[in-house]
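*Asks:* Have a look at this one.
Nothing in this text is a laboratory measurement; each read-out follows from the coordinates by a stated rule. This one's a predicted model, so the numbers in the text were calculated from it and none came from an experiment. All Cβ positions, even for glycine, are placed from backbone atoms using ideal geometry, and neighbour counts span all protein chains on display.
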Amino acid sequence: MPDLTIRNGSVVTPEGIVRAGIAIENESIVDIAPDLSPAPVDIDASGLTILPGLIDIHLHFNEPGRAEWEGGETGSRALAAGGGTLFFDMPLNSTPCTINAREFDKKVAALSIACITDFALWGGLVPGNLEQLDELADRGVVGFKAFLCDSGLPEFPRADDLTLYEGMQRAAKLGLPIAVHAESEEITKSLQQRISASGATDIGAFLESRPVIAEVEAITRAGLMARETGCKLHIVHISSGKGVAAALEARRLGADVSLETCPHYLLFTNDDLHRLGAIAKCTPPLRNNEQRTALWSSVLSGEIDAIGSDHSPCPPEMKQRENFFQVWGGIAGVQWTLPALIEKGLAPERIAALTAQNGARRFGIRDRGAIAVGAFADLVLVDIGALQIVQEADLFQRHKVTPYLGMKLRGVVRKTIRRGQLIYSEGTISAQTRGKLIKPKRTIQ
Ligand SMILES: [Zn+2]
């Protein structure tokens, strides 16, 4: 007998949307059918759409070391309230950063205690840790993240060209991807120096210092190295239509590239940055409407593979600086990916692909990311037609600082189920157990 059944939902499967119920036993889906036998726990999903639980492949919960910025406890609750069941934590802004096995172990220990969702970890590629990539792979990282420009944190230096090249050679042998924050250091640093020297330190000055060409150049260079080394390349948070075009060109030339963007690049423009100020500062920055529209077209056409939140919070005082260059760059929006995409009018099947299935496939996460018999029962029940106005009381993140506050968004998450357990229901966290580390299946050359 199943432990849990969900009845009468619109179930979004890889084969299409079916009117059915889902039976769950021992953490996994055992049946998807219109009529299911009774179970001790029965959930009526009439009027609700059932999607695979979100796999947020890009966020920063900053634990250990900077839990006062967010932390796994508050962060994973916010993720669960937004329909997420698994996240990939970036190697920064935790400190020390995840650049060797020792720090990997520390992070796993901290997150295992704190998190109600499952988690996987990105390792870091920085100058000097080439010899530690093997041990990180053995521990189970999903890949290695490198910054091609200043990361904003001295303990996570950017990867110079040789570090990137040799890191890709090693990663290719390990069967793991390299993810890059693609902005040119040469362009952004020189522009920032020149512009601040002229005395301009406002929002306009910040935007001017990070032009689209900085993204295009860095994507192109990373694409070249990916081709030369045979390394899988993942471009995080592409902010512009031109960035997408550069990544697609790299793919056409033979690189194995995946493309990621974030909801904020689809919802907001640089005009919104002027309106909202520091809470909407991120790097690469929000772009003009032309670039945003082109990026959205790429989402609709399937050119973008995955959407991650890049939730990157900080204490509120780090958003309050006279000099806009010194404001922490990061948008805290982990809870709103699903409503943001529903509000944009994206079809449920596309949402499932972009927020769960494609990420699971790309990064070797088995039996997750799609609703199917035999898969883990990671699910979100969402009322697609319902409207909400985002209020402070809705936020589970540690600091109530987000550009989503006050926004009217369609798509209300009603319940989140992680490995068969209800972890979020109607505004309340209901998790009885903790999440755990999920390791990818590697394809070694
Ligand atoms: Zn990030």
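*Asks:* What distance in nm separates the two pseudo spin-label positions at residue 300 and residue 432, each 7 Å out from Cα along the beta-carbon direction?
*Replies:* Those two pseudo-labels are separated by 4.6 nm.
*Asks:* How big is the Rg/Rh ratio for the stretch 283-402, C-alpha atoms only, Rh by Kirkwood, two decimals?
*Replies:* 1.00
*Asks:* Please list, or write none, the aspartates and glutamates whose alpha carbon is within less than 17 Å of the alpha carbon of residue 242, excluding same-chain residues fewer than 8 places away.
*Replies:* Output for residue 242: 183, 208, 215, 217, 260, 290, 303, 305.
*Asks:* May I pose another question? What does the C-alpha gyration tensor say about the overall shape of the chain? Classify as rounded when a/c is under 1.5, otherwise prolate if a/b is larger than b/c, or oblate.
*Replies:* Prolate, because a/c is 1.5 or more and a/b exceeds b/c.
*Asks:* About its Cα centre, what dipole magnitude does the chain give when the only charges are +1 on Lys and Arg Cβ and -1 on Asp and Glu Cβ, stated in debye to the nearest 20?
*Replies:* So the magnitude is around 200 debye.
*Asks:* Now a separate question. What order do you get for 168, 1, 318 when you list them from fewest to most C-beta neighbours inside 10 Å?
*Replies:* Neighbour counts put them in this order, fewest first: 1, 318, 168.
*Asks:* Mind telling me which of 41, 327, 390 comes out most flexible in a GNM of the chain, alpha-carbon contacts under 10 Å?
*Replies:* Evaluated over the chain, the most mobile residue of the options is 41.
*Asks:* Also: Near residue 71, within a Cβ-to-Cβ distance under 15 Å, what is the net charge of the other residues, with Lys and Arg +1 and Asp and Glu -1?
*Replies:* Net local charge, residue 71 excluded: +2.
*Asks:* In the stretch 113-155, if the dipole is taken from +1 on Lys/Arg beta carbons and -1 on Asp/Glu beta carbons about the Cα centre, which of 143, 130, 119 is farthest to the positive end?
*Replies:* Among 143, 130, 119, the one farthest towards the positive end of the dipole of the stretch 113-155 is 119.
*Asks:* Which FRET efficiency value, to the nearest 0.05, do you get for residue 208 and residue 25 by plugging their Cβ-Cβ distance into 1/(1 + (r/R0)^6) with R0 = 41 Å?
*Replies:* Calculated transfer efficiency: 0.10.
*Asks:* How would you rank 232, 242, going from fewest to most other Cβ atoms within 10 Å of each one's own Cβ?
*Replies:* 242, 232
*Asks:* At a Förster distance of 45 Å, what's the computed FRET efficiency of residue 325 paired with residue 33, Cβ-Cβ distance as r, to 0.05?
*Replies:* The formula returns an efficiency of 0.20 here.
*Asks:* Could I ask something else about it? When 328, 296, 336 are ordered from fewest to most other Cβ atoms inside 10 Å of their Cβ, what list results?
*Replies:* Listed from fewest to most nearby Cβ atoms, that is 296, 328, 336.
*Asks:* Okay, moving on. Tilt of helix 72-81 relative to the longest C-alpha principal axis of the chain, in degrees (0 to 90, nearest 10)?
*Replies:* That helix lies at roughly 60 degrees to the long axis.
*Asks:* In addition: Identify all lysines with a Cα-Cα distance to residue 106 below 23 Å; exclude those on the same chain that are fewer than 8 residues away in sequence.
*Replies:* Correct list for residue 106: 145, 436, 439, 441.
*Asks:* Which angle between 0 and 90 degrees, to the nearest 10, do you get for helix 289-301 versus the longest principal axis of the chain when only C-alpha atoms count?
*Replies:* 40
*Asks:* Taking the Cα atoms only, what angle lies between the long axis of helix 241-252 and the longest principal axis of the chain, rounded to 10 degrees?
*Replies:* 80
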